[in-house]
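A quick write-up on the structure given underneath.
The values are calculated or read from the model by the stated rules, or taken from the named source; none is laboratory data. Computed from a predicted structure; not experimentally measured. Counting neighbours? That spans all protein chains shown, and the Cβs are built from the backbone with ideal geometry, glycine included.
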Amino acid sequence: MTLHRKLGQHELLRFLTCGSVDDGKSTLIGRLLYDSQLIFEDTLVSLAKDSRKHGTTGDEIDLALLVDGLEAERQQGITIDVAYRFFATPRRSFIVADTPGHEQYTRNMATGASGASLAVILIDARKGVLTQTRRHSYICSLLGIRDIVVAVNKIDLVNFSEDTFDRIVGDYVTFASELGFRSVVPVPISARFGDNVTQRSGNMPWYHGPTLLEHLETVDVTQDLAGKPFRFPVQWVNRPNLDFRGFAGTIAAGRIAPGDQVVVAASGKTSRIARIVTADGDLPSAEAGQAVTLTLEDEVDVARGDILVRPAERPPVADQFAAHLLWMDEEAMLPGRGYLMRIGNIWTPCSVTSIRHRVDVNTLEEHAARRLALNEIGFCNFSAGQAIPLDPYEESRATGAFILVDRFTNRTAGAGMVAYPLRRASNIHHEHFSVDKTARAALVGNTPMVLWFTGLSGSGKSTIANIVEQALHRAGRPTYSLDGDNIRHGLCRDLGFTAEDRVENIRRVGEVAKLFVDAGMIVLCSFISPFQAERRMVRDLLGPGEFVEIFVDTPIEACIQRDPKGLYARAQAGQIKNFTGIDSPYEAPEHPELHIRTAGRSPEECSAEVLDRLRAAGIAC
Amino acid sequence: MSSHTGTATLTPHLARLEAESIAIIREVAASFRKPVMLYSIGKDSGVMLHLALKAFAPGKPPFPLLHVDTTWKFREMIAFRDMMAEKVGMELLVHTNPDGIARGIGPIASGSALHTQVMKTEGLKQALDKWGFDAAFGGARRDEEKSRAKERIFSFRGPGHSWDPRGQRPELWNLFNTRIREGESIRVFPLSNWTEYDVWDYVLAEDIPVVPLYFAKERPVVKRSGTWIMVDDERLPLEPGERPQMRMVRFRTLGCYPLSGAVESTAATLPEIIAEMRVARTSERQGRLIDTDEEASMEKKKREGYF
C-alpha cells in the first residue's frame, strides 16, 4: 500500500507555517512535499528550470520555488500571499497554509491562521526569537490556535549546536507563556537538507524528540465541536414546492435529532426538528460539520441569517459588543465610520464606537489609539445595526467571528473576534412617543428632509443654501440651517480637523439633523464633509428620500482664487494642516441627488436648480 | 461521524470535503442575483454538478449550466454533456465565440495560445456578459497548479473579468465576502480543497458518471511532442508519413482534443484508474499542452479572465 490510497481514511490536519523573512518556510513545505513523494516528474523538470532562473541555492533545486506561485513572488524571492498545499502520509492528510512573514502581509498570515488548528513557527537558528516571531505567535494565539511547533531551522548553519537550540527554545517558552497555548513542541531542523523534517538526523545525537513530520502525524488537535452547544446558522431556505420548507445549512456545533426542541436565537420562537433531510435520505441524527436541511414541526418564521439553538443553550443577543479587531485595509479604520459586518449569515451595518486600546503586536503592550491602520490590532467596542446572537470567539467561531467590509470598495477591511456582549445593549430601549414625525410635519404642512450641501471650502455651499432657505421661508416652510459656524463654535468645539475628528463632527451633525427632521423641519446642512463614508452614514440615519445630497462642484482653482476667508493662502503657506483639497482629500459624490456646477454661474442661478428640484418633488416654494 | 445512512460509503475525509463544498454552493445561491455553473464535462465538473444536486435536494439547483464550446472538444465529450444535462434536468447554455469562428481560430491553425485566448477565455467572458451572470462556479482545485494554490474560494473579478492576484480579498474562516458592484463578478471554486485523488475516490464512492475517455480503450492516436494525440476527426492534419495507430490509451484530463495528451494505460475501470494513480509519477496537467507555453502562463491567462 503506497501513501496515496490511505489518503482520506484518516483525519485531516490543517496547519500553517509562519516565521520571518528568509526563515525558510517555503523551503520547509517544499521539503515536506518532496519527501512525501508528492512532487511529480514534470513538476521537477519545471522546478529545475525555475531554480536556474530564480533560485538561491546554486545548482541545487530550490524547493521554495515549489510553493511561491505568483510571478512577483518568484522574482522577489518572498512569499506575498497565503498558498494552500496538500500532502498525505499513511497516517494523516494535511492542508498547509504557507503564509508570508513580512509585517505588511500580516493580514494574509491571519487568513491562513483562521482555518488552521496548529502552527509551525520557524525560527532561524542564527537569529533566534525575533520581533516577527513574537508577532506571529500573538496572531496565532488571537486567532485561537492552541498547538504550536517551534521549528528551529538552519540548525546546520550553527554546527547543529544543542546550546543554541536550548537557548532559543528557552527564550520562546518564556515569551509565549502568556499566550495560552496548550502545547509548544520544539524541533531542530534543516529544511534545506532535510534533517529532522521527515528523516531523523544523524547530525544531532543529542535530540531525542520526534521529527517534525512524526509530530504532525500524531499530535492531538481534536476539538470536540459535536459536544458543544448546538448552533445551526440558516444559510438558505429551501422551498422547491408548496409542500416542502426546509432550512439548509452546516451544523456549526453540537448535534441534533428529529424531535429535539429548537429555538430561533434572535426571535425566541420555538419548534421541534421534524426531519433531517439530505440527498441520500433522512438522517436519524446529525452533528457539527454536516451540511443538512432541517424541517420543523411548526410554521415558524425562519430566514437566512437566523440561528437555531436549543432552548437551554441560547446565546446572548445584543447590538453592542466588545471584540478584537485586526485591520486589513489600506484605508485606516476610524471610530464612528460605517462598515458592513458579516457574522454567520447576517450582513448588517456596523461601526466601532470606541477603541479601548491598540495592541502593539511586537511587544504585546496596550496603547491608546484613535484609529487602526493596516495590520494593526485593537480591542474595540462595536455597535451593530441589529441585535445579533453572539458567543465569545473562543467558544464558537460560527457566532463569534466576523468580518468588516468597506461600504464603497467592498474590500474585506477587518477581521473581528467577539469577546463579550455589552450590557448597555440590552438595557437601553427607545422611548416611543405618541406624537411622531408625521404628526409634527402635518401640523405645519411640511415635508421634513435634509438638504446636504457638500463641496470644497469656498465652493459656495453656504451662499447657495442661504438663498434656498430664504425662498423656503417665504413659502412658509419651517427650516433650520446647520453649518460649520454654528456647530464648530458649540456642539463640536472640542473637535479639530484630523480625519478622526471630521468623522465625529459629521456624525454629530447627522444626529442633530435627524432630530430636526423628526421635529418636522427642512434642514440645510453646509459642510465640506469630504468623505463618502460619512455622507453615507448620515443618509442611513434618515428615512428613504429624506436625504438630498447636493454636490456644489467648484474647481479648486476657482476656490483658491475666491478664498473668501483667506484660508487657502494660509494652507498653502503651511499654516493650516489637514486642509481639504490641499493636504487632505475630497471624495466627490458618485451619485448625488443634485450636481451643481458653479463655474460661470451666479449663486442665484445655482440655488434655482435646488428649488426646481424641490418643486419637482412636490414642495411648493 | 456516526449517523450517515446514504453516505455511509464516504470516508470522514470525503464527507468533510463534501460538506464544505455543499456549503459553498448554497452560499452562492443565497447571495447572488444570477449565478451559473461552468460545466466543462470533465471529472471535476462532474463532481461539482453532483455536489450541486445534493446541495439543493429535494429541489433542483437554482442556476443553469454553461459550456463554452471551442468546437474542438472530443465528440464523446459533447455526447456525454447532452446526456448529462438531460439526465439532471437542468438548463444547459452553450456558447461559442462567433468572432473566433469567423476568424478561423483553432488549435492547429492558430496555435494553442491564441486558440485558448480567443475560444476559451474570450468565449467565456462573452458568455458571462451575454447572460449577465454575477457569479460563476468553476471546478478548479488548488492542488492543480501553483497560481491556483493562491486563489480564494470566492475570487473577485473586476470590470472586464480581470483578476488581480496581488489585490485579493482576505478570506477568513468561512465568512465569504460576496459583495460586488455593477459590472463586477465572483468566480467560485467549491473544489478548492480537493486533490485529484479525492475526486476519483468520490467518483467511485458516489458512482458519478464520467466521460468514457477516462477509461483505457483502443483509440486511434499519433505521437506528438512526446505524448499521444487522438485523431478524433478528420480535422487533425497528419504529417508526411504519419499514420494513426491503435493504442490502449486513456486521458487523465480532458480539453480540446488536439491539446489533450493521452497516456498508455490498461485501466478500464474506476478501481484500476485509482490503482494506476498510486504509482503515477507525472501530474495530471502534464498532458495539457496549454500550460507549458511559458513560465507562469496559468497566472497570466487567469489575469486575463481564464478560469
Identify, from the list A:Thr295, A:Thr363, the residue that is modelled with pLDDT under 95, surrounded by fewer than 22 Cβ atoms within 10 Å (Cβ to Cβ) and either of a type in the set (Val, Ile, Thr) or on the phi > 0 side of the Ramachandran plot (or both). A:Thr363
Name the pairs: first residue in segment A:340-353 and over 13 Å from A:Gln320 (Cα atoms), second residue part of a strand (DSSP E or B) and among the basic types (Lys, Arg), Cβ to Cβ under 9 Å, at least 6 apart or on different chains? A:Gly344/A:Arg231
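Give the residues of segment A:120-179 that are of a type in the set (Phe, Trp, Tyr) and part of a loop (DSSP other than H, G, I, E, B), sorted by residue number. Don't jump to the end; show me each part of the working.
Keep residues of segment A:120-179 that are of a type in the set (Phe, Trp, Tyr), which gives A:138, A:160, A:165, A:172, A:175.
The answer is A:Phe160, and nothing else.
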Can you find even one residue in segment A:373-387 that is free of Cβ contacts under 8 Å to residues at least 60 places away in the same chain and aliphatic (A, V, I, L, M)? yes
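Yes or no, residue by residue, for (1) farther than 23 Å from A:Leu451 by Cα; (2) surrounded by fewer than 16 Cβ atoms within 10 Å (Cβ to Cβ); (3) in the same structural domain as A:Val503 (by TED's automatic domain parsing); (4) of a type in the set (Lys, Arg):
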{"residue": "A:Arg570", "(1), (2), (3), (4)": "yes, yes, yes, yes"}
{"residue": "A:Asp583", "(1), (2), (3), (4)": "yes, yes, yes, no"}
{"residue": "A:Ile596", "(1), (2), (3), (4)": "no, no, yes, no"}
{"residue": "A:Arg601", "(1), (2), (3), (4)": "no, yes, yes, yes"}
{"residue": "A:Cys606", "(1), (2), (3), (4)": "no, no, yes, no"}
Please verify whether A:Arg126 is at pLDDT below 90 and either buried (at least 22 other Cβ atoms within 10 Å of the Cβ) or on the phi < 0 side of the Ramachandran plot (or both), treating the condition exactly as stated. no
Candidate set: segment A:298-323, residues that are surrounded by 18 or more Cβ atoms within 10 Å (Cβ to Cβ) and within 14 Å of chain B (Cβ to nearest Cβ); chosen: the one farthest from A:Val538 (Cα to Cα): A:Val302
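Collect the residues in segment A:140-172 that are closer than 26 Å to A:Ala419 by Cα and not small (Gly, Ala, Ser), keeping them in residue-number order. Steps first, answer last, please.
So in segment A:140-172, the residues closer than 26 Å to A:Ala419 by Cα come out as A:140-148.
Within segment A:140-172, A:Cys140, A:Leu142, A:Leu143, A:Ile145, A:Arg146, A:Asp147, A:Ile148 qualify.
Listed here are the residues, each with its yes/no results for (1) at positive phi; (2) among the aromatic types (Phe, Trp, Tyr); (3) not in a helix (DSSP H, G or I).
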| position | (1), (2), (3) |
| --- | --- |
| A:Phe453 | no, yes, yes |
| A:Gly458 | yes, no, yes |
| A:Ile464 | no, no, no |
| A:Ile467 | no, no, no |
| A:Gly476 | yes, no, yes |
| A:Asn486 | no, no, no |
| A:Leu491 | no, no, yes |
| A:Gly496 | no, no, yes |
Quick check on my filter: what residues within segment A:250-274 are within 14 Å of chain B (Cβ to nearest Cβ) and at positive phi? A:Gly254
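Does at least one position in segment B:63-82 carry a residue that is at negative phi, within 14 Å of another protein chain (Cβ to nearest Cβ) and modelled with pLDDT of 95 or more?
yes
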When you scan segment B:129-151, how many residues do you find that are outside any loop (DSSP other than H, G, I, E, B) and either within 13 Å of chain A (Cβ to nearest Cβ) or in contact with a strand residue (DSSP E or B) (Cβ under 8 Å, 6 or more places away or on another chain) (or both)? 8
Strands (runs of 3 or more DSSP E) enclosed by segment B:152-241 - at least 1 residues per element that are of a type in the set (Lys, Arg), buried (at least 18 other Cβ atoms within 10 Å of the Cβ) and more than 22 Å from the chain's Cα centre (by Cα): B:217-224
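Conditions (1) touching a residue at least 12 places away in the same chain (Cβ under 8 Å); (2) among the basic types (Lys, Arg), marked per residue:
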residue	(1), (2)
A:Arg535	yes, yes
A:Phe551	yes, no
A:Glu557	no, no
A:Ala573	no, no
A:Thr580	yes, no
A:Asp583	yes, no
A:Pro589	yes, no
A:Ile596	yes, no
A:Glu609	yes, no
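Among the listed residues A:Ala415, A:Ala441, identify the single one that is of a type in the set (Gly, Ala, Ser) and within 14 Å of another protein chain (Cβ to nearest Cβ). Break it down into steps so the answer makes sense when it comes.
On the way: A:Ala441 fails: within 14 Å of another protein chain (Cβ to nearest Cβ).
Exactly one residue qualifies, and that residue is A:Ala415.
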Going through A:Val523, A:Val450, A:Val538 one at a time, which residue ends up being in contact with a Gly (Cβ under 8 Å, 6 or more places away or on another chain) and crowded, with 21+ Cβ neighbours inside 10 Å? A:Val538
Based on this model, can you work out whether A:Gly144 counts as among the small types (Gly, Ala, Ser) and within 11 Å of chain B (Cβ to nearest Cβ)? yes
